[in-house]
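The values are calculated or read from the model by the stated rules, or taken from the named source; none is laboratory data. In this text the structure is predicted, and so the values were computed from the model without any measurement. Glycine gets a Cβ as well: all are built from the backbone with ideal geometry, and neighbour counts include every protein chain shown.
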Amino acid sequence: MTSGARLPKFEPTALDAEQRSLYDAIAGGRRAQGPQLFRLADADGRLEGPFNAFLLQPRLGSALQALGASVRYDTGLDDRCRAGLVSHGRAARQPSYLKSVMKLLVPVKSALQ
């Protein structure tokens, strides 16, 4: 792995079999074909952003990669709808959003008991 980012990037030549399989699915799959809004890999072939992080736990990374690819390519969702889902996902990671959701769930939990 090389450093410089929050998470060091995995060198493609140093990947184990599970990591390599995931790497190939990302770097050589549908996501790598056609127009790209962001780079999947740097000039040395190391994956960028979340795709690099997926290599830490290849089984989980494979599931996340497959989910993302399915939402992007195997549904009828348009670009605007997918962008809304991404925004919702980002908001869900914010502490204030989580607190507001928990406040909504407390009465539901009480009603179910």
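Data for the structure
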{"read-out": "Scan of the range 33-66 for residues that are on the phi > 0 side of the Ramachandran plot and modelled with pLDDT under 80, ordered by number", "value": "Gly34"}
{"read-out": "Enumeration of residues in the range 1-32 that are touching a Pro at 6+ places or on another chain (Cβ under 9 Å) and modelled with pLDDT under 90", "value": "Met1, Thr2"}
{"read-out": "Residue check, Ala69 modelled with pLDDT of 90 or more and assigned to a helix (DSSP H, G or I)", "value": "no"}
